[in-house]
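The values are calculated or read from the model by the stated rules, or taken from the named source; none is laboratory data. It should be emphasised that the depicted structure is a prediction, and the values quoted were computed from it without experimental measurement. Here Cβ is always computed from backbone atoms with ideal geometry, including for glycine, and neighbour counts include all displayed protein chains.
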Amino acid sequence: MTEEETSRQALDWLIALHDRPDDHDIRERFEVWLTINEANGKAWADAWRLWKLIGETPPAHADAWAPRPASSIQIDSPAVVPDRANRRSSRHIRYWRPAALAAGLAACLFFALPNIRIYWHADHRTGIGESAQVTLSDGSIMHLAADTAVRVIHDPMTRGVELLKGEAFFEVKPDSSRPFQVKASEWTTTVLGTAFDVNLGSQTASVAVEQGNVRVDRTGEGPSVEQSLEVGDWIRVERGRGVTAQGHGQPSQVAAWRLGRLIVKSRSISDVIGELERYHRGVILVTDPRLKSRLVSGVYDLRQPIEALRAVVQPHRAVVREVTPYLIIVSAS
């Protein structure tokens, strides 16, 4: 798991604990998560420091889950409070808005640094909700989706790029003497002349072919991958697991983002939110970790990312709250 994902989990727990401070199940699952490894403890400590640095007043039971060494973690019983309903209402009025603002700013601080590092190494990049078309030196055309970063590989024997983040569609000019390669994390897609899409997520990557043929290879530790794809074929791979899904679809649906659409087939809500965040200038936090793993399918409008988000989670009876234009909270109803 990447540092960015661990930081995001820490923020999710921060919101969940603040939103439902008397929920024993959430507190117990949080304690398990906190003690799994040192990275989780460090991410939580960083989140807590940022929360307090921004000036947030500690939520109820803060003494029970403030950062401390894993060996000293204990689950304390919540205090018994008279007139609980009234106290909870007033607590939310007092704490929720500053908490939301703090979480939004903390999230921005967490996720800005990794993006800065990526964009520093990129030759071409797009911002949130932006797209771009780039003609490479060999005449191939690269279409960049929103929030994407690409580094051009300069090699006399091959042509290609490294996809550092996001998604791109490639129209490759044929050249039998110099194959064109797209590197995305530990996966490499190789072609001679074709049109295809590559999407790099935090833990997964996918390739879909509109024209021609491509080969997808995986290098490094873990299961090997060497897969040939033809027109309409698509494949999804995951770090440490290899191929997790593949199939065949309409070539016209490849890189549907160029038409402002997101086509989803049996993907987790977490993955889909990752796609929508490329089109929303802010942070989307999910308070229930179990909700993230639930699968969805559908066609969503990338031009209306918040409405698309509501459509994604509605079948699972989740609620989308726009706390600020830059902070969206998704929670179980």
Q. Out of segment 266-297, which residues are assigned to a strand (DSSP E or B) and touching a Lys or Arg at 6+ places or on another chain (Cβ under 9 Å)?
A. 267, 268, 283, 285, 286, 295, 296, 297
Q. Pick from segment 234-261 the residues that are under 19 Å from the mean Cα position of the chain (by Cα) and among the charged types (D, E, K, R): which of them is farthest from residue 202 (Cα to Cα)?
A. 261
Q: Determine whether segment 215-227 contains at least one residue that is outside any strand (DSSP E or B), within 22 Å of residue 143 (Cα to Cα) and either hydroxyl-bearing (Ser, Thr, Tyr) or modelled with pLDDT under 90 (or both).
A: no
Q: Can you work out which of the residues in segment 228-247 that are acidic (Asp, Glu) and at pLDDT 90 or above is surrounded by the most Cβ atoms within 10 Å (Cβ to Cβ)?
A: 233
(Q) Need the failing condition index for residue 150 against (1) at pLDDT 95 or above; (2) assigned to a loop (DSSP other than H, G, I, E, B), just the number. (A) (2)
**Q.** Lone qualifier among 302, 259 - being among the aliphatic types (A, V, I, L, M) and either touching a residue at least 24 places away in the same chain (Cβ under 8 Å) or surrounded by 16 or more Cβ atoms within 10 Å (Cβ to Cβ) (or both)
**A.** 302
**Q.** When residues of segment 24-39 are limited to those that are closer than 16 Å to residue 7 by Cα and touching a helix residue (DSSP H, G or I) at 6+ places or on another chain (Cβ under 7 Å), the one surrounded by the most Cβ atoms within 10 Å (Cβ to Cβ)
**A.** 30
Q.
Could you check segment 169-212 and list, in sequence order, the residues that are assigned to a strand (DSSP E or B), acidic (Asp, Glu) and surrounded by fewer than 20 Cβ atoms within 10 Å (Cβ to Cβ)?
A. 171, 210
Q) Regarding residue 294, is this residue touching a His at 6+ places or on another chain (Cβ under 7 Å), surrounded by fewer than 18 Cβ atoms within 10 Å (Cβ to Cβ), free of Cβ contacts under 8 Å to residues at least 60 places away in the same chain and closer than 30 Å to residue 16 by Cα? A) yes
